[in-house]
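Okay, structure first, notes after.
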Amino acid sequence: MPRRLILHAGPHKTGTSALQAVLRQQSFSAFYYPRTGQWPDGAHHNLVFSLIPELRRPDAEALEPELLLEQLQAELAEVQHDTLLISSEFLSLGCAARVVAWLVEQGIAQPDGIRALLVERELRSRAASHYNQAVKDPYVGETRSPQQWLKEEEAKLRFEPMIEDLEAAGLGVEVLAYEPAESLVHRALKVAGAIDGELPDQIPWTNTSMSEAVLMALLEVNRTVRDPQERQIRRNALFATISPAFLASSPDLFSGH
């Protein structure tokens with residue numbers, strides 16, 4: 001039986017990792033969060049990568065669509081919920097229509113009433129966190145300076161095109177404000193249908209940004225080391241030797257000071 005569908009489309013650096021960690025660890029009465037297609041942190045990146053090859057990362061565990069469908073159908077055969085929640089920041093990058101079309105064609109999702117949830121964060125604050133993540137990720141291995149990165153990537157971070165893309169796919173779009181960040185996970189869960197008694201007492205602290213000293217040191221590592229595994233080793237060593245290793249990202253990163 002096709003289910004109702006909620007897509008949490010991120011975008012990147014809007015509290016997604018904390019929300020996905022809760023969804024991965026906990027069950028909710030109003031919706032089911034599939035295990036199939038999950039990334040290690042709980043996001044459904046592998047589901048998206050299986051259906052959208054051009055977005056795949058080198059470390060993705062993508063499946064052929066036929067195998068993805070087989071695993072998803074087997075999992076859902078044991079599930080009574082009539083609503084599915086799927087979460088991946090990559091759904092904000094113009095591929096939501098293709099993912100939804102596949103889920104509908106395969107009888108996983110109902111074609112009508114599909115909801116998309118987006119979180120809006122102030123652009124430069126999100127850009128600072130996004131840049132930090134690009135440097136930290138050994139498979140991305142960002143090498144551009146903060147100023148050059150912002151100049152070349154800012155248009156891709158704009159929020160309005162994400163809404164337009166989701167609406168063009170026929171989805172109803174609900175937008176949550178990122179701030180206050182402390183209540184974001186609870187607010188997102190309630191929009192999805194969670195009840196008060198199901199809301200977690202503590203929100204996991206996940207995927208935090210690096211301090212500027214670590215970030216700049218790792219930027220130099222990315223510029224000189226090509227192997228992702230070696231970058232990972234160097235990154236972990238920097239985390240262990242420079243204190244503080246983690247701080248909230250600041251838009252001042254782009255000031256050039």
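The values are calculated or read from the model by the stated rules, or taken from the named source; none is laboratory data. Keep in mind that this is a model prediction, so the values were computed, not measured. With ideal geometry, Cβ positions are generated from the backbone for all residues, glycine too; neighbour counts draw on all protein chains shown. Accessible surface areas use protein heavy atoms only, side chains included; no ligands, DNA or RNA. Shrake-Rupley method; radii C 1.70, N 1.55, O 1.52, S 1.80 Å.
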**Report entry** Tilt relative to the chain, helix 212-224 - C-alpha long axis, 0 to 90 degrees, to 10
**Finding:** 90
Query raised in the report: How many Å² of accessible area per residue for the stretch 178-228, probe 1.4 Å?
Result: 57
Query raised in the report: Hey, which lysines would be in cross-link range of LYS190, C-alpha to C-alpha under 28 Å, not counting anything within fewer than 8 residues on its own chain?
Result: LYS13
Query - Degrees separating the helix 16-25 axis from the principal Cα axis of the chain, which is the longest one - result: 50
Report summary line: Applying the gyration tensor rule to the Cα atoms of the stretch 146-187 (axes a ≥ b ≥ c; rounded if a/c under 1.5, else prolate if a/b exceeds b/c, else oblate), the class is oblate
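Given the alpha-carbon gyration tensor of the stretch 217-257, what are the semi-axes of its equivalent ellipsoid in whole angstrom, ordered largest first, with each equal to the square root of 5 times an eigenvalue?
After diagonalising the Cα gyration tensor, the semi-axes are 21, 14, 8 Å.
At a 1.4 Å probe, what is the % contribution of carbon and sulfur to the accessible area of the stretch 84-235?
Working: 3720 of 7430 Å².
Solvent-exposed carbon and sulfur of the stretch 84-235 make up 50 percent of the total.
By the gyration tensor of its Cα atoms, with a ≥ b ≥ c the square roots of the eigenvalues, what is the shape of the stretch 15-112: rounded for a/c under 1.5, prolate for a/b over b/c, or oblate?
It is rounded, given that a/c, with a ≥ b ≥ c, falls under 1.5.
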**Report entry** DSSP beta bridge pairing in the chain, given as percent antiparallel to the nearest 5
**Finding:** 5
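Take every Cα pair under 8 Å in the stretch 113-216 that's 6+ residues apart, average their separations, divide by the length, and report that relative contact order as a whole percent.
41
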Query raised in the report: How about the stretch 148-257: which chymotrypsin sites (Phe, Trp or Tyr not before Pro) there lie in a loop by DSSP and see at most 10 other Cβ atoms within 10 Å?
Result: TRP205
